């Protein structure tokens with residue numbers, strides 16, 4: 001039997017202090033009920049159910065809630081990557097199987113990505129997609145959902161990039177089908193198309209001089225000296241360079257006057273001679289082969305505008321996580337001094353110390369990490385970086401965070417702002433960061449005598465050999 005002293009100790013030292021902190025009965029009942037539900041879920045159901053529930057909360061993807069908040073894409077991506085490290089796979093959202101939120105697949109121990117989690121896909125559209133199932137083919141979906149304007153072009157692009165139609169074929173081929181579907185080819189070409197044809201670099205070398213004629217006409221048309229009503233005409237005034245070009249390639253029939261030493265020419269007369277010189281170009285434009293060449297180029301431009309990049313880039317853009325390989329999987333780590341954050345010591349290694357203002361300070365051994373930005377926290381001055389090995393929190397000084405996070409713009413003469421460069425901490429950007437690990441965070445840092453001069457570098461490109469194209473300075477106004 002316990003002694004009275006022990007009982008008094010337990011009551012006065014352990015229970016009474018806790019009673020002063022504990023919730024009231026109303027709170028206790030509510031939290032106890034939640035705890036029992038969680039225990040039941042954890043005990044009787046596979047772990048994938050718990051992971052799915054957590055992911056749904058982070059995504060704000062509760063289909064029973066009529067007032068869902070915006071999807072927290074950064075938190076979703078972070079949660080997914082942490083789950084993948086624990087062996088939980090997240091499947092692509094199948095257009096016929098994916099729900100509003102995330103669903104567990106016990107047979108494969110995986111989570112089916114919810115349509116709500118796709119960038120640019122709102123609640124109403126998700127419900128409409130589910131209501132109109134099943135879809136028998138990609139063409140069936142396009143006919144019933146896109147051609148009827150239920151799904152917009154940008155939303156279709158995101159659905160394809162996110163792998164929603166992989167059951168119907170290869171993702172790139174599906175995208176090519178859609179681009180062909182929305183592309184409207186030209187039925188014939190005229191001189192009105194010649195400027196764009198020049199810009200696309202499609203004009204044969206033999207029409208080099210004709211291109212100069214075209215640009216000459218476009219240039220002098222900006223300098224109207226007088227408009228004549230009867231007979232209807234325009235008079236252009238030429239500068240010295242354009243006058244010299246006229247004298248070299250055109251007759252004097254179009255010259256009407258000389259004012260202050262400058263030629264005045266008639267548009268009507270000039271155009272007669274110009275049209276004759278451009279007849280060979282018009283004949284070339286009328287050829288079927290030229291039309292085909294032009295349309296093929298326009299089709300490629302449509303692809304570049306909507307579907308450029310790798311499958312990994314598509315997934316980060318649409319799903320905010322990599323279902324396939326990381327974009328930096330081929331990075332030459334040795335060349336750029338990149339380390340595995342999770343293998344670094346939790347306390348930074350001191351290489352030397354110095355005295356500043358009477359205080360001993362340390363200089364730490366520096367390394368680098370590289371990854372894709374998933375999220376940022378302006379209040380905590382942190383970013384969430386997806387490295388090849390997992391998710392890392394990077395903690396900045398306030399000033400340093402603000403510098404790389406700000407959007408750089410320039411005000412034009414019309415008062416309108418033009419964005420020159422977005423935040424480097426935009427989700428999907430890839431960064432190379434110099435610093436050291438401290439606890440569970442990476443601290444960006446460089447020193448005057450260190451080989452690395454910048455804490456952050458923006459990765460613009462990575463080639464097949466793992467070499468990086470880096471931007472180390474922010475764009476200056």
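The values are calculated or read from the model by the stated rules, or taken from the named source; none is laboratory data. None of the values given here were measured: they were computed from a predicted structure. Quick reminder, even Gly has a Cβ in these numbers, built from the backbone with ideal geometry, and neighbours come from all protein chains shown.
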Report the residue count in the stretch 172-193 for those that are touching a residue at least 24 places away in the same chain (Cβ under 8 Å), in a helix (DSSP H, G or I) and farther than 19 Å from residue 140 by Cβ. 3
Can you spot a residue in the stretch 368-377 that is outside any strand (DSSP E or B) and either more than 22 Å from residue 471 (Cβ to Cβ) or out of contact with any strand residue (DSSP E or B) (no Cβ under 7 Å at 6 or more places or on another chain) (or both)? no
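Residues are listed down the side, and each one gets a yes or a no for (1) over 30 Å from residue 184 (Cα atoms); (2) touching a helix residue (DSSP H, G or I) at 6+ places or on another chain (Cβ under 7 Å); (3) touching a residue at least 24 places away in the same chain (Cβ under 8 Å); (4) assigned by TED's automatic domain parsing to the domain that holds residue 209:
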| residue | (1), (2), (3), (4) |
| --- | --- |
| 227 | yes, no, no, yes |
| 238 | yes, yes, yes, yes |
| 242 | yes, yes, yes, yes |
| 251 | yes, yes, no, yes |
| 258 | yes, no, no, yes |
| 274 | yes, yes, yes, yes |
If a residue counts only when it is more than 16 Å from residue 324 (Cα to Cα), which strands (runs of 3 or more DSSP E) contained entirely in the stretch 66-171 have at least 3 such residues? 103-105
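Listed here are the residues, each with its yes/no results for (1) touching a strand residue (DSSP E or B) at 6+ places or on another chain (Cβ under 9 Å); (2) modelled with pLDDT of 85 or more; (3) assigned by TED's automatic domain parsing to the domain that holds residue 392.
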{"position": "64", "(1), (2), (3)": "no, no, no"}
{"position": "69", "(1), (2), (3)": "no, no, no"}
{"position": "73", "(1), (2), (3)": "yes, no, no"}
{"position": "96", "(1), (2), (3)": "no, yes, no"}
{"position": "102", "(1), (2), (3)": "yes, yes, no"}
{"position": "107", "(1), (2), (3)": "no, no, no"}
{"position": "118", "(1), (2), (3)": "no, yes, no"}
{"position": "131", "(1), (2), (3)": "no, yes, no"}
For residues in the stretch 349-367 being in a strand (DSSP E or B) and touching a residue at least 40 places away in the same chain (Cβ under 8 Å), which is nearest to the chain's Cα centre (by Cα)? 367
Residue 394 - would you say it is crowded, with 20+ Cβ neighbours inside 10 Å, over 20 Å from the mean Cα position of the chain (by Cα) and either assigned by TED's automatic domain parsing to the domain that holds residue 436 or not in a loop (DSSP other than H, G, I, E, B) (or both)? yes
Select from the stretch 92-107 the residues that are in contact (Cβ under 8 Å) with a residue 40 or more places away in the chain and farther than 23 Å from residue 44 by Cβ and list them in ascending order. 92, 93, 94, 95, 96, 98
Report yes if residue 238 is modelled with pLDDT of 95 or more and farther than 28 Å from residue 198 by Cα, otherwise no. no
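Every residue, every condition in (1) more than 24 Å from residue 259 (Cβ to Cβ); (2) surrounded by 17 or more Cβ atoms within 10 Å (Cβ to Cβ), yes or no:
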| position | (1), (2) |
| --- | --- |
| 209 | yes, no |
| 216 | no, yes |
| 221 | no, no |
| 227 | no, no |
| 233 | no, no |
| 246 | no, yes |
Across the stretch 320-347, which residue is surrounded by the fewest Cβ atoms within 10 Å (Cβ to Cβ) among those that are under 20 Å from residue 166 (Cβ atoms) and either touching a strand residue (DSSP E or B) at 6+ places or on another chain (Cβ under 6 Å) or touching a residue at least 60 places away in the same chain (Cβ under 8 Å) (or both)? 326
